[in-house]
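Peer 1: If you scroll down you'll find the structure; I have some questions about it.
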Amino acid sequence: MLPMTQDNGDLDSLVRKRIRALRVAQGWSLEELAGRANLSQSSLSRIENGRRRLALDQLVILARALDTTLDQLVETADDDVITSPMIDSAHGLMRWPVKGDPGMTVVRQRMTQPPPENPARMRAHPGREWLVVLSGTAVLMLGHRRFRVETHQAAEFPTMMPHAIGTAGGPCEILGIFDRDARRGHQREGGDPDTRDTAE
């Protein structure tokens with residue numbers, strides 16, 4: 001059983017609400033989720049409604065049936081919800097770490113230069129990157145292709161494809177998300193996204 005104390009009574013309620021919310025989000029009835037978790041429909045109903053104690057083995061099965069993990073099913077919100085950015089004014093960017101995934105970084109950057117004309121300056125490394133243009137127009141060079149990414153448009157691409165990012169016709173601001181491998185790739189090449197004047 002989950003250890004029930006005065007401090008985690010709220011966690012018990014949260015887990016039950018989370019099970020129901022995840023079930024509803026999948027569009028499943030009580031009967032459907034009960035079948036996937038090898039529980040009776042009445043048992044699942046009592047779990048969701050707080051009329052049955054939460055057993056650890058059942059939570060593991062329910063988490064698997066709901067396509068999540070036990071850790072995610074019972075996690076609580078951190079007290080430190082708000083994160084302030086680290087600011088590098090010399091390169092016109094802000095950087096936020098993603099607490100839920102320490103390997104992921106969010107970077108806001110102002111760019112003033114077009115992408116390099118020389119294909120040799122395009123980079124390739126493991127990982128994925130995602131970016132959204134906050135203002136202006138960005139140019140994404142991806143292999144032999146050239147994409148214009150307008151304000152409020154987004155792009156996502158595997159960084160094993162040679163790539164470079166710059167501006168088109170004036171400054172632009174982008175918000176980029178780098179996964180662990182993409183960030184490491186830039187660091188190994190001396191092109192940490194936190195310190196470059198252009199995004200690539």
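Peer 1: Can you bin every Cα-Cα distance in the stretch 124-170 into 10 Å intervals starting at zero and give me the percent of pairs per bin, rounded to whole numbers?
Peer 2: 28, 56, 16, 0
Peer 1: So, in nm, how far is label residue 21 from label residue 84 when the simple model puts each one 7 Å beyond its Cα toward the Cβ?
Peer 2: 2.9 nm
Each reported figure results from applying straightforward, stated rules to the coordinates on display, with no laboratory input. Predicted model only: the values in this text are computed from it and were never measured. We place every Cβ from the backbone using ideal geometry, glycine too, and count neighbours over all the protein chains shown.
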